[in-house]
Each structure stands twice: as C-alpha cells, then as structure tokens.
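Data first, discussion second: the structure below is written as structure tokens.
Every number here is computed from the coordinates shown, using simple stated rules; none is lab data. Small disclaimer: the values here were computed from a predicted structure and weren't measured. Cβ sites come from the backbone with ideal geometry, for glycine too, and all protein chains shown count toward neighbours.
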Amino acid sequence: MSNQFSLYNRPAARRLIITLVAIELILIVVGYGLLWLYALQQQQQLGKSYLVELVDKLNHKITHGEHDWRQVNLDQHKAIKNYQLIVFEPTGDTTVVKNNHNDFSDALPNWTLSAKQSNKIFYDARGFEVWQNLAAGYRLYVKVQYFPLWNNFANPIYLLPLLLGLCLFLYVMIQLRKSYEVWYKFLDYAQNLHLQISEGYQPAKLHEFRNHPESRYLAQLFNRYAYKMGQYYDKVRELTYRQNILIDTSPILLFIMSRNGRIVYFNHKFSQVFNTPFQQGSMYILSDFITGANKTTQQLLSSLENIQTYATLPVTNLQRNLYFDLRITPYYNRFGQLQGYSCGLQDTTDYHDKLQKAWVEDKFTADKLTSFNKMWAVVGHELRTPLSGLVGMIDLLAEDKAQFNSEQQETIATLQQSSQTMIQLLNDMLDVAKLDAGKLQTNVTSIDLLKLLCQTTELMLGNARRQKISLYIFVDPLTPRFIDCDEGKLRQIILNLLTNAVKFTREGYVAITVDKTDSNHPLIKAKTSQNTTVSKAWLKISVKDTGLGITEKDQQKLFSYFGQANDSISRQFGGTGLGLAISNSFSHLLGGFIHLESQFGQGSEFQLFIPIPKFSLQSAYQYKTGNLRITLIIISPFSIFERVNKVLNYVELSHHIFTAMDEGVIDTINNLDLQGLMPVFVIDDVALKANNHLLDHIDFYNDAIKIILSMESPKTLPPEHQLQFDGYLQKPASLSQLIAEVNHLYDLKINREKTNTHLPVQLAFKQFLQQYPNLSHSSVSVASASPPVNNYNVLLDTPIQLVDDGQTSVDNPTDAHHSSQKLILIAEDNPVNQKITKKHLETLGYRYLVADDGEQAVKLLSENRQRIGLVLMDCRMPILDGIEATRIIRLNKDSVPIVALTANDSDDDRNICLEAGMDSFLTKPINKQKLIEAINHYMV
C-alpha cells in the first residue's frame, strides 16, 4: 500500500467525488430556483396588498368629497420601481399619477376595450396591470413594474445556502478521504492475503483502525478468515501432496481427457507404459496410444459424446501386445455441461492370455461334450433297441404266464421288473443329459387331468401290492378336468414322486391329492415374488405317504443329481437319486416348483405347484347319480379319507365316514338315523384285517349293500371276502368308479326286490365274476381291438367291469371281421422289434405287412394302398429312414395315418417326426395300451 493516498487516483473514489459535486450543484440550483419562485410569489402577494390599500384610500377620498388624487402614490413601497395611476371620473375628467420615471407613455388606455377586464389583475415578467371599479362611478387603472428579482440575491441571506453547501461538501470530502484510506488498506490487505497465507498466517494491524469501530470489527473478521484460510491452505497442500503421490505411484494408468479426445494430463505409470513424458502445453491424442479391441469399442472411442455414463471398454495398445480395460467416467460443470472424462487403464494382459487359453480349453471341452452328446444319443438309441426287444419279449411271456409254473412265473416277473428298472434308469440318464444340454422344451396341449392321474397310478399297482400298501386318489371337485400343460413331463413328475413314495413306504398308504389354488397361496407368493406375470390359477398335486420320513438335514440334498437322504438309503432301497432332481427340473420347465413337507418317522408329502393359465370350466367329476336313495357308510383306518367329505357334499349324497373300526364306531353306526335310505357300506380291506368280526354287530349290515375296497385283483381276493361283499373296487378307485358301482348294485337290488328274486347277493357276485373272468379293473380291456371305454370319464349309470389284471389278450376276431379289416404296415428293420410288434397285433386280431426299410415301406404302401389303414414307421432304418419315407409319402399327397416308432423320446425327435408329416409318436419298447389307443384313434 502506498504512503501517499490520493482519492482522485482511485477510480471508485473519483467517481464518488464527481457524483458528490454533481449532487451539490443540483442542490444549489434547486435551492436558488425555489428562492426565485418564492420571491416571485411574494411580489404577486405584495401587488395585491398594494392594490387593496390604494383602492381603500381612493374610495375614502371619493366618499368624503376629496379630489386631490396626487396625494395618492406608491413611492413608499421599495419593491416598486415604476407605477402609473389613472383615475377616471364620472364627469369625464381624467387624472394621471405616476412616479418620476418615464418608462410609461402618456397615452390613455382604451376604456371601451378594457371594460370587460374590470377587477382583473394581469401579471407579466416585470409587474402587473389592473382595471378597478371605484365608488360613485369612478374607475381606476393601475400599472406597476418591480425591481428585478436578482437584485435581492445580493442580500447575504441569499448567499447562505451556497456557503452551507460548500461547507458540507468539504466536510464530506474530508470524511470520504479518511474512509477510503481505511477501505483501501483493507483492499491491499485482501489483495495480498493469498500470498500471506501461503507464507503463513499474518493478522491485520488493528491499531490503524482504532478510530473506526466498524473498520476495526471488519479487520477482526478478516483476521479470523485469514486464520481459517491458513488452516485450509495447509490441509489442501497436504491433500494435494497425497493426491499427487497417489496418482503418480498408482499401478493403474490414469489420465484426464477433454470431450474432444485430447489428453490434458496423465500420471507417471502412463508415461512408463507408453514411454511418453508429460509436458505442459504439449498436445496428446487418445488415438496415439490405444485403440479399441473390437469394432464396437472403436466406434465409441471415435464418438466420445455418446458416452454419457460410466463405461468399461476393452482396448489395446497400437502394437496389440498389451490389453487394457478402459474405465471412463464423464464429468460435468455446475451447469450440467460435459467438460471431459476421467479415465483409467487397467492392465488385463495376463487375464487376456489366461482367458484365451481357457477359451481354447473350453472349446476343446465343448467339442468333446458335443461329441459325447452325439455319442450318447447314438448309444442311447442303440441301448434302447436291444433293451426294447428284451422288454417286449418279456412282456409277451408275461401275457402267456398261464403256460408256466409258479417258479417260472416268478422268474418272468423278476425279469420284467429288472427290465423296467433298466428302461427307467436309461430314461433318467437321457433326461439328465438333455437337461444339462438345455434341449428340453415344453409341449403344451390340453390334457385330461383325471385320466392322467389314473393311468399313472395304474403303473404303480404292482409295486404297491408287493409293498402291501394302499394307493388312493383324491381330487377336489372344484379342480378343472382339462388343463393346458405338457402331458409327458407332468406324467413323469407324478410317476417319479409316486415311485419314491411307494419305495420308501413299508405300511400304510400313498395318496395323490389334487386341489385348485391361486397365486395368493403363501408358498406360491414366496416362490414367485419377483415374477410380475405369474398366472392367477394354479394346481397343487400332492403325493403323501406314511413312509420313513426325511430329516431336515437330509431334505436339502434330495433335489440334486444322485442325491439321496444318506448312503444307507441307497444301499437298502437302491436307486440312483435322479428321479427327484429330474422332477424338480421338469417342474421349473412347467413354470412351477416342488415343495417338501416331511417329519422323520411319520411320512412325507411332496407338493407340486404348477400354473394353469388355461383350463376348462368343467369340474373333475360330472356325476349322474339318478334316483339313488342311499346313504354311504365309508370305513377306512386312514384319516386322509376325510377328504371324501367335500366330494360327497358336492354331489349332495348322504354319507358317513369313519376312520377307525372299533366297538365305539359300531355303536355309532347302529344309532344312525337312515331316514329310509338304503345303507351302502364301503369298507377298506385294511380295516378288516383286525376287526372283521365287528361287522356282525351292525344291526342292518346284512340288509345293506356291501362293497370292499382292496388292492387285490378279483381273482386273488380272499374267498371269504368274495362271499361277504356284494361289490368290489380296486384301489386306487376314483369317485366315478365308486358311484358307478353303487349305482349298479343299487339297481340290481331294486330289480331283485321287484321280481321277488331271492338270490343271495354274494352268489350273484360270484356268478358275475365267473361270467367275466378276463376283464381288467380299469374297465378297459387292454387286449381289445375295439374302442376302449373311457374309464376316467365313465357315466355313472354304467356298471364297472371287473377284470383280472393279469389278462392281456382276447380271442382272435372272426373271419368276417378279418375280411373287412384293413392292414397295418410295419416299417421296422430290427427283427426283434418286428417280432414284438407282430405279436401284439396278432393278439389284438390285426393283420399286417412288414417292410425292412423305408424304401420298401413306400413301395408296399403304393402297391397296397386301399388295403392299408395305418403305418407304424420306425424312424431309423437303412437305405431310407422313416423320416424321409414319410416325406415321400406326404409328397405323393397320401394322407394315410403314420405313427412314429423310435427309441429316442425327446422333444427334438418328436418335432422332427411331426414336421415330416407323421401323425403320432410311440416310444420303444412299445406299450401295448398306447398301441391300442393309437389303433383305435386312427383305424376304428
């Protein structure tokens, strides 16, 4: 700060002085202007007072008769410079009175012209003039001139404002100089503050501001600010030092780039890797150092404005021997405008080399897996072919088991079970391979749910009998009969769950329960909480058993491949542990899941939940009970029979259910009010084992209709039960079968009573068994070539046919039937499979032609087209396979039904067959029941 302080050298002070001078001048001009106006107003007021005084004097003289007008004058008034008075008398005389100045002329004013201006004062810049009427007809004309107003300004009193303004201006200038001197000391201090802070804290000298309290307070604030700034400066300097150390010693290549791709700074590591020192002022371009590892990255680097958020891009150096991950983050100013990019290069050369090596190894492994999958598909097919022949031959032996003794029959049964186990194991392994390859797809069609359940449980009858346990099916009446789902996968899930349940249950029962639920079910909500498109309608299929149960610890590994509860389970019960894992994967493919509830030692319940976006409004059961006046009395030792309550209430059928058989239950039954209804006993054979004698204590037992519910076939049913009961139902009996049997027996009893035929019911039942010795419990003859009765949608006024489950053939059709029947063309290259298929057709009463390859099949079909009604086409044959043969047949515009025969049961194979023009699909080994269904569908 300079010692000589001059206000005029400071621009701000100079502007302030000029402003003050201008204000002072304006105030003086305004003051004197106001004085001028005031003086002018005072002159006018004096003129009026002079005129009033003059008129009063003249009127006084006129009144007293005095006519000396010259004694009237205005000389005594100092403000008047000149004046002229003219008195006009009524006689016509005129008297002129004026002062000694000759500024006015002697000419008289025109009286006539001024008559209208009487009693009015006319002012001008120098004075005024007026015509005034006096008393007695006299008139007065007055004209006055004042001295100039500026003559008054010579008076000292008028110089006072000017003097006061000058004094005030001098005072303000003195104070202004002092204030500005202090203020500019602050400015000099503040201007040098950053230099002082960088050198250390230096407070302002407060004694220089001792006469200025405000300045002293401001100086204190500056000192505090300087102290804080000094602290902040030390921190910033320390942080800057650390930041520089961190950036320059960082193992990552760091740099800052402008939005046009120019590098404005890079760290020491960047300099080392690219051998380029950073020099301030030099221009560095990103493309001089790196390039994109691929085309997409290079396009992004060429147009950086497209990078609006954090991005990681793979790049390389220009020699392409170093690989980096470019991590680029845009930064913006406070107005949201893009300023540039903060970038880092992470060296990934080692990772890239390892990745390339791993990619080569992975490709090699993938090629091996692809080769293995192809080999497995071929091996699977080749394994299926001889295994299918083995299973088919054993099934043919089992159909003719009456020709063998008991020991041979037992051997055949063992072979049959072992071959089925091998087929199931092969199927499981193929399913696992397809799941791992991601080749499994869903084939959604409309399926009959009740039919599927009954068909699936029928497959487990033999195993359940060997385990001496019961099988049950309970379907909620509100469950839809038809749903859209993948029938094959749903069947496989239920079959796997049933197989496990039967395997691990030594006594008691295995039951399938089916309920319709919705997406609000707690388990469904928990499993599908992240899915916003979950179906509202769901199906819950539970498989409940009274088996071993599973501990919580062992439950965790059940759904993994080859996972069983423990090693002892595998040793004791066998199995691979694939079934549950496959079922779980299938449930996920269907959009659902499997939930397990189990208590060790009390049994398990596997609950399958699947969505059903489309389903029929038809309920699972459509009953036709007719005019049945009965009440059902159901006795079973298992509490799960309580589920029958809901179904019977739904059809409004009177019933009583008892889950025990003891003396208390017998007393309750005896006390029932039957209300005139015929009692019908449905008794589970398990309840008879210990308490059969208690039935004799029921008062109306002998008069009632009695039906036994048993796992045994009619032929193996104990003789005492055949004599004791009127009807028979084989487990797992559906509600349709139950009510149909009740309806049939009720009609027999009513008709017998009407005709007074007193044939014992037991004898009638025995005769009925003797009359139909070769019928199956399913009411569908597995050997019949005629259209089967649909057991799963049976009208309940049709009697249930009782059949031996071991019967598999019927007599051959008559010659008349042969003469009108069309041929079936078998296209099969394997002699064993040919023999099995021919044997099945022979037992069903059909004639056939055999072709050893596709070419021969096309030729035989063209030669015998009018006689052939169905083609069974193997997919893999020499010369011309079944797929190409089918395409040729369809190209010839032939619509003959073609059913594929293949050992590969995959979605891909199924789709290939259907796309080639085939109508249906059968897997080897050929299931006789499915063959019957295909023949009935396409030929009958």
For Leu849, residues with placed amide H under 5 Å, excluding near neighbours: Ile824, Leu825, Ile826
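Length gain on complete extension for the stretch Phe364 to His60, per 0.36 nm per residue less the alpha carbon to alpha carbon distance? Mind dumping the intermediate values first?
On the way: separation 304, 0.36 × 304 = 109.44 nm, distance 14.71 nm.
Full-extension gain reported as 94.7 nm.
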Using θ = phi - 60° and the Karplus relation 6.51 cos²θ - 1.76 cosθ + 1.60, list the HN-Hα couplings for the stretch 880-890 in order, rounded to whole Hz, with x at every Gly or Pro. 9, 6, x, 5, 5, 4, 5, 4, 5, 4, 6
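At R0 = 56 Å, how high is the FRET efficiency between Val52 and Ile18 if r is their beta carbon distance? Nearest 0.05 is fine. It would help to have the intermediate numbers written out before the result.
Values: r = 52 Å, r/R0 = 0.92.
It comes out at approximately 0.60.
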Whole-Hz Karplus ³J(HN,Hα) for the stretch 897-913, in order, using 6.51 cos²θ - 1.76 cosθ + 1.60 and θ = phi - 60°, x for Gly and Pro? x, 10, 10, 6, 10, 8, 8, 9, 9, 10, 5, 5, 5, 4, 5, 4, 5
Could you pull out every residue, at least 5 positions away or on a different chain, whose amide H is within less than 5 Å of the one on Thr528? Hs are placed 1.01 Å off N in the peptide plane, and Pro or chain starts have none. none
Pulled fully out, how much extra length does the chain show between Arg259 and Lys354, if you take 0.36 nm times their separation in residues and subtract their Cα-Cα distance? 30.8 nm
Run the numbers on the stretch 441-611 and let me know its relative contact order in percent, using alpha-carbon pairs under 8 Å that are six or more apart. 23
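Based on the Kirkwood radius over alpha-carbon pairs, what is the Stokes-Einstein translational diffusion coefficient of the stretch 866-933 at 37 °C with 0.692 mPa s viscosity, in µm²/s?
Estimated diffusion coefficient is 268 µm²/s.
Between Lys374 and Lys228, take the C-beta separation as r, use R0 = 60 Å, and let me know the FRET efficiency to the nearest 0.05. Working shown, then result.
Numbers: r = 79 Å, r/R0 = 1.31.
The value I calculate is 0.15.
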Under 14 Å from the Val273 label point (7 Å along Cα→beta-carbon), backbone N, the stretch 283-309: 286-293
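Can you tell me how much longer the chain between Leu677 and Gln929 gets when fully stretched, taken as 0.36 nm per residue apart minus their C-alpha distance, in nm with one decimal?
Details: separation 252, 0.36 × 252 = 90.72 nm, distance 4.08 nm.
Working it through step by step, the gained length comes to 86.6 nm.
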Only loop residues by DSSP count here, and only those with at most 14 other Cβ atoms within 10 Å; note down the chymotrypsin sites (Phe, Trp or Tyr not before Pro) in the stretch 640-674 that meet that. none
Along the stretch 366-371, what does the Karplus equation 6.51 cos²θ - 1.76 cosθ + 1.60 (θ = phi - 60°) give for ³J(HN,Hα), rounded to whole Hz, x for Gly and Pro? 4, 5, 5, 5, 4, 5
Rounded if a/c is under 1.5, else prolate if a/b is larger than b/c, else oblate: which is the stretch 269-354, with a ≥ b ≥ c the root eigenvalues of its Cα gyration tensor? oblate
Looking only at lysines whose Cα falls under 19 Å of Lys98's and that sit 8 or more positions away or on another chain, we get Lys48, Lys57, Lys61, Lys78, Lys81, Lys143
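Return the inverse of the average 1/r over all pairs of distinct C-alpha atoms in the stretch 696-751, which is the Kirkwood hydrodynamic radius, in Å to one decimal. Show your work: numbers first, answer last.
Details: mean 1/r = 0.0822 Å⁻¹.
Across the stretch 696-751, the inverse of the average 1/r is 12.2 Å.
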Sorted by average packing, counted as other Cβ atoms within 10 angstrom per residue and highest first, what order do 922-932, 43-53 take? 922-932, 43-53
Honestly the stretch 293-403 on the Cα gyration tensor test (a ≥ b ≥ c root eigenvalues; a/c under 1.5 rounded, otherwise a/b vs b/c for prolate or oblate) is just prolate
Taking 320-332, 865-877 and ranking on average Cβ neighbours within 10 Å, highest first, one gets 865-877, 320-332
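For Ala136 and Tyr38, what does the FRET efficiency come to when R0 = 30 Å and r is the distance between their Cβ atoms, rounded to the nearest 0.05? Mind dumping the intermediate values first?
On the way: r = 40 Å, r/R0 = 1.32.
With R0 = 30 Å, the Cβ-Cβ based efficiency is 0.15.
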Amide H proximity to Gly508 below 5 Å, modelled H, separation 5+ or other chain, gives Ser470
Given the stretch 815-938, what count of lysine pairs have C-alpha atoms under 21 Å apart, with each pair 8 or more places apart or on different chains? 18
